[in-house]
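Have a look at the structure below, then the notes.
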Amino acid sequence: MFLMFAMTSDAVGSVIPKVIDEFRLNMKAASAFQYAPMAAMAAGALLLGFLADRLGRKHTIVIGLALYGGSSALFALGDSFAQFVGLLAVAGVGVSIFKTGALALIGDISTSTDQHTSIMNLVEGFFGIGSIVGPALVAGLLGTGFSWKWLYVIAALICTALIVLALVAKYPQRRLATDVRGGLTHTLALLRDPFALGFSCLIVLYVAVEVAVYVWMPLYLRVYHGPIGWLVPFALTVFFVLRAAGRLVGAWLLSLLSWSTALSVLSFAILTCFAGSLLGGTRTGLLLLPLSGLFMSVVYPTLNSKGISCFPKSEHGRVAGLLLFFTALAAAVGPFAMGAVSDAYGSPKYGFAMAAVFALLLFLGLLLNGLVRPVERRLLGLERAEYASAGEAGSRFSSAPTP
């Protein structure tokens, strides 16, 4: 599921230039291909995140996949920009549903908060693979004369297979939280908790930095003329490959340092790449912006995992929905704001200056967390309360598929 979603979401940087040419759009209008599905995902995560706790992981995953697959399949019949944006919005709601179900399921099968982080990084590794496959698939489709929209049709075919797998898979036995209350008010109530608020803010900053690269970097580098100009068409692919390879760097750091210290180091490296890209222009940006992917790989899954692990398993669906809301909100608003600033000042470099500020704030937030370490005591208490018997309970699977 993570791989399939990444195929379409992270290929948007390759699709947007074609959409601009095909429909004669400016950057701000074309960014609807990014912010429309992300805004819909944010709304779905905020309003429907509780479904994973109330209906169960299985039903939630199947419902989300059905929405995503159906809307993606309809790309084959679409022929206008408005239609495509509408279909992307429906797909975004589908993603918000199946992803909260999947994130809650990770908590069900984890036997410790550390294992939760490990599994989260594993599934995000498949997201990294999808990020490589998506742009490469778009390039292959365009190179053989097919339209970019067939990327979404291919995703729909994969989604059909995933629905079958989700229906026949065996799930850990758990009691459904029938008393879970849904809706905007009850999900936002989580923000009264300082840990939910803190992780939400860190996730917003990180996502705004990451999407800056894969949405606008291809357009930013179009003006490069130099001795390594041959690298420009491959810059986005290099970014995604390095982001996937960065899992090794991140895993190595996590084995040497605490997660909070490791994230501080990685966020400083990301900030250095953005600052160097601004100071040296596209000459250094062509090298440093793709290189930033090497340091991004484990930041988001670790933040997501630790944020979810700060709450009881019975609330994991709702918490995952809240964090996904802020993920999608940043992925929607960040590129739109960058596009608007770039249009206003006549160059994408001003949008990347905004992203560099986000990178600075992310580093400062993670540095403060690494120095003060406010999360450790919370995780220790939940480790004892939620995971003490999980080694036995988490391994008991029902003989027939259950929610």
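The values are calculated or read from the model by the stated rules, or taken from the named source; none is laboratory data. As the structure is a computational prediction, the values presented were derived from the model and not from experiment. Because the Cβ atoms are built from the backbone with ideal geometry, glycine has one as well, and the counts that use them run over all protein chains shown.
Here are the criteria: (1) within 14 Å of the chain's Cα centre (by Cα); (2) among the polar types (S, T, N, Q); (3) farther than 26 Å from Gly381 by Cβ. Tell me which single one Thr100 does not satisfy.
All conditions are met except number (3).
Looking at this structure, is Leu294 within 15 Å of the chain's Cα centre (by Cα) and at negative phi? If you could, list the steps in order and put the result at the bottom.
Details: within 15 Å of the chain's Cα centre (by Cα): no; at negative phi: yes.
For Leu294, the condition - within 15 Å of the chain's Cα centre (by Cα) and at negative phi - is not met.
In the stretch 49-68, which residues are in a helix (DSSP H, G or I) and surrounded by 24 or more Cβ atoms within 10 Å (Cβ to Cβ)?
Leu51, Ala52, Asp53, Arg57, Thr60, Ile61, Gly64, Leu65, Tyr68
Could you please let me know if Tyr224 is over 16 Å from Ser9 (Cβ atoms), crowded, with 23+ Cβ neighbours inside 10 Å and touching a Lys or Arg at 6+ places or on another chain (Cβ under 9 Å)?
no
Would you be able to say whether some residue in the stretch 45-52 is in contact with a Cys (Cβ under 6 Å, 6 or more places away or on another chain) and farther than 29 Å from Met217 by Cβ?
No; the residues of the stretch 45-52 include none that is in contact with a Cys (Cβ under 6 Å, 6 or more places away or on another chain) and farther than 29 Å from Met217 by Cβ.
If I filter the stretch 137-156 for residues that are among the small types (Gly, Ala, Ser), surrounded by fewer than 18 Cβ atoms within 10 Å (Cβ to Cβ) and not in a helix (DSSP H, G or I), do I get at least one hit?
Checked the stretch 137-156: at least one residue is among the small types (Gly, Ala, Ser), surrounded by fewer than 18 Cβ atoms within 10 Å (Cβ to Cβ) and not in a helix (DSSP H, G or I).
Checking Asp21 against (1) under 22 Å from Gly140 (Cα atoms); (2) touching a residue at least 12 places away in the same chain (Cβ under 8 Å); (3) surrounded by fewer than 21 Cβ atoms within 10 Å (Cβ to Cβ), which single condition isn't satisfied?
The number of the failed condition is (2).
Please work out which residue is surrounded by the fewest Cβ atoms within 10 Å (Cβ to Cβ), limiting yourself to the stretch 201-220 and to residues that are modelled with pLDDT under 95 and either not in a helix (DSSP H, G or I) or not hydrophobic (A, V, I, L, M, F, W, C) (or both).
Pro218
Tally up the residues in the stretch 69-95 that are more than 17 Å from Thr8 (Cα to Cα) and assigned to a helix (DSSP H, G or I), please.
Residues meeting the conditions: 1.
If you scan the stretch 122-153, which residues turn out to be without any contact (Cβ under 8 Å) to a residue 24 or more places away in the chain and among the hydrophobic types (A, V, I, L, M, F, W, C)? Can you show your working first?
Within the stretch 122-153, the subset without any contact (Cβ under 8 Å) to a residue 24 or more places away in the chain is 122, 140-141, 143-147.
Correct list: Leu122, Leu141, Phe146.
Looking at Phe146, Phe98 in this structure, which one is modelled with pLDDT of 90 or more, of a type outside the set (A, V, I, L, M) and farther than 23 Å from Tyr300 by Cβ?
Checking each option against the conditions leaves just Phe146.
Need pairs with beta-carbon distance below 9 Å; first residue farther than 21 Å from Met120 by Cα and within the stretch 286-303, second not in a helix (DSSP H, G or I); sequence gap 6+ or separate chains.
Leu286/Tyr224; Leu286/Gly226; Leu286/Ile228; Leu287/Ile228
Can you list the helices (runs of 4 or more DSSP H) found entirely within the stretch 282-353 that contain at least 3 residues being β-branched (Val, Ile, Thr)?
Fully inside the stretch 282-353 and qualifying: 299-309, 316-345.
Restricted to the stretch 354-390, and to residues that are farther than 18 Å from Trp259 by Cβ and surrounded by fewer than 12 Cβ atoms within 10 Å (Cβ to Cβ), which residue is modelled with the lowest pLDDT?
It comes out as Ser389.
In the list Phe84, Phe127, which residue meets the criterion of being modelled with pLDDT under 90 and over 30 Å from Arg384 (Cβ atoms)?
Going through Phe84, Phe127 in turn, just one is modelled with pLDDT under 90 and over 30 Å from Arg384 (Cβ atoms): Phe127.
Taking Ser314 as the residue in question, decide whether it is under 27 Å from Val95 (Cα atoms), more than 17 Å from the chain's Cα centre (by Cα) and among the hydroxyl-bearing types (Ser, Thr, Tyr).
For Ser314, the condition - under 27 Å from Val95 (Cα atoms), more than 17 Å from the chain's Cα centre (by Cα) and among the hydroxyl-bearing types (Ser, Thr, Tyr) - is met.
Looking at Gly78, is it surrounded by fewer than 23 Cβ atoms within 10 Å (Cβ to Cβ), out of contact with any Lys or Arg (no Cβ under 9 Å at 6 or more places or on another chain) and not β-branched (Val, Ile, Thr)?
Numbers: surrounded by fewer than 23 Cβ atoms within 10 Å (Cβ to Cβ): yes; out of contact with any Lys or Arg (no Cβ under 9 Å at 6 or more places or on another chain): no; not β-branched (Val, Ile, Thr): yes.
Taking the combined requirement at face value, the residue does not satisfy it.
Suppose we keep only residues that are charged (D, E, K, R) and at pLDDT below 85 within the stretch 5-40. Which one would you say is farthest from Val123 (Cα to Cα)?
Here the residue is Lys28.
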